[in-house]
Amino acid sequence: MWDLHLYDYTLLSLRWKELGEWEPWMHYALESGGKRVRPFLAWKAYAFYAGEAASWEEALPLLHAIELLHNFTLVHDDVMDRSPLRRGRLTLYQKTNENTAILIGDALLIAVYERLSYLPASVQPSITRIICEGALEVCQGQLSDLALAARPTAGVSMEEYEAMILQKTGALMGTALAVGGLLGGASSEEISLLKQIGRKIGRLFQLQDDYLDAFGEDTGKERGCDIAEGKKTFLWLWAYAEATPEEQSQLDSYCLPPEARREIGLALYERLGLRQRGASFLLAAYQELLHMLSPLSIAPHLLPFVHNLYHRRR
C-alpha cells in the first residue's frame, strides 16, 4: 500500500537462532503482512529532515524497532481480546496457546531494544526515551479500551473514547514521526509538532478501523468483532444513544453470547443508517487532518500517504 518496500520483516538480522523452537513463532508474528504504517511514517520524517544525507542503512534499525513494537502490542492485544484472526489468518495465540503468545510478545518487545542499540550514539538515548513514552501510552490506551468495554455504555462519553484512541493508536504513530524526525536532525519544536500530527493520523486510522470492523468487506477479520467484544467505538456510542431500551439492555448484557451481540449490533447499525453517518464522520476527520498539515513544510511528503489512508478499505 505504501512505498516502503525495500526490506523483509521476516529477516530482521536478529540473533533468534538461540531461541530454538521459538524462532518460527517470532517469524509468524511478523509474516502476516500489514500496512507498515508506523515505520513508513518514521522513514518519511527521517528522509525529509535528513535530505540528501538520508541513508537506508542508518534508518533501518529504527524502522525495525517500530514495527517490532507494533507487533508486540498486536500479539498481546489478540490474547486480551480473544481475537481468532489477524490479517486473514489465525492469531498467534490461536495458532499456539495463550502462554506462548504472551512470551513471544515479550520477546518482540525485547527485540525492540536490541534494534535500538544499533542507532548512532548521539541520538540513541533520546530516541529510546521517546519510544518508551509512546509504548507506555499505548499500554494505557489498551487498558482504557478494556475498561470502557467493561463499563455500562450510559457511563461512557465520546470524549473518553476519543482520549482512548489517541493513546492506543495515535501515540505510536506520533512516536514514529517524532523519532524519524529526530534521527534526521529535526529540531525539538519540529519533533513536538510531528508527534501531534502523528496522533491525529492515528485518530483517523482508528476511526477507520472501528468503521471497517462494522462495514468493511475485506479486512481479514470477521465483521462486528468490536461489537461482539462490547467495545465502545463511536458507532456503538451513537447506536446506543438511539436504541430502544430493550436493545440497550442487550448491548450491555454480560449474559448475552458475543455472537448474539454481534448480530444485534450489526442490525442496529444498519437500521440507524450508521454506514453513511460514519462515512461522513470519517470525511470530517480527514479534512481536519488535511487542514492541520497544509501549512507545514513536510506536508507534500505526507499528503499522498494521508490520502491513501483515508481511501483504504482494509
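Annotations for the structure displayed:
- Qualifying residue in segment 42-64 (condition: small (G, A, S), over 17 Å from A186 (Cα atoms) and crowded, with 19+ Cβ neighbours inside 10 Å): no
- Cβ pairs under 7 Å, 6+ apart, first in segment 221-232 and buried (at least 20 other Cβ atoms within 10 Å of the Cβ), second modelled with pLDDT of 95 or more and in a loop (DSSP other than H, G, I, E, B): D226/T233; K232/V156
- When we screen A171, A154, A163, A186 for residues that are at pLDDT 95 or above and crowded, with 24+ Cβ neighbours inside 10 Å, the only hit is A171.
- Listed conditions (1) without any contact (Cβ under 8 Å) to a residue 60 or more places away in the chain; (2) over 25 Å from E162 (Cβ atoms) are all met by L268, apart from (2).
- Test result for L116, in contact (Cβ under 8 Å) with a residue 60 or more places away in the chain and either of a type outside the set (K, R) or under 21 Å from H76 (Cβ atoms) (or both): no
- Hits in segment 282-314 - residues which are within 14 Å of F215 (Cα to Cα) and assigned to a helix (DSSP H, G or I): L282
- Counting only helices (runs of 4 or more DSSP H) that sit completely within segment 175-253, those holding 3 or more residues that are among the charged types (D, E, K, R) and over 30 Å from P120 (Cβ atoms) correspond to 188-215, 245-252.
- When S144 is tested against (1) surrounded by 15 or more Cβ atoms within 10 Å (Cβ to Cβ); (2) of a type in the set (S, T, N, Q); (3) farther than 18 Å from M164 by Cα, exactly one condition is not met: (3).
- Within segment 258-270, not a single residue is buried (at least 16 other Cβ atoms within 10 Å of the Cβ), under 22 Å from the mean Cα position of the chain (by Cα), outside any loop (DSSP other than H, G, I, E, B) and aromatic (F, W, Y).
- Count of segment 139-193 residues which are under 28 Å from S253 (Cα atoms) and not charged (D, E, K, R): 25
- Of the residues making up segment 91-128, just one is touching a strand residue (DSSP E or B) at 6+ places or on another chain (Cβ under 9 Å) and either under 21 Å from L183 (Cα atoms) or among the hydrophobic types (A, V, I, L, M, F, W, C) (or both), namely L92.
- Which numbered condition Y240 fails, given (1) in contact with a Ser or Thr (Cβ under 9 Å, 6 or more places away or on another chain); (2) within 25 Å of L90 (Cα to Cα): (2)
- Whichever residue in segment 271-281 is out of contact with any helix residue (DSSP H, G or I) (no Cβ under 8 Å at 6 or more places or on another chain) and of a type outside the set (S, T, N, Q) and, among such residues, is surrounded by the fewest Cβ atoms within 10 Å (Cβ to Cβ): G273
- Verdict on A149 being buried (at least 16 other Cβ atoms within 10 Å of the Cβ), of a type outside the set (D, E, K, R) and part of a helix (DSSP H, G or I): yes
The values are calculated or read from the model by the stated rules, or taken from the named source; none is laboratory data. This is a predicted model, so every value here is computed, not measured. Cβ sites come from the backbone with ideal geometry, for glycine too, and all protein chains shown count toward neighbours.
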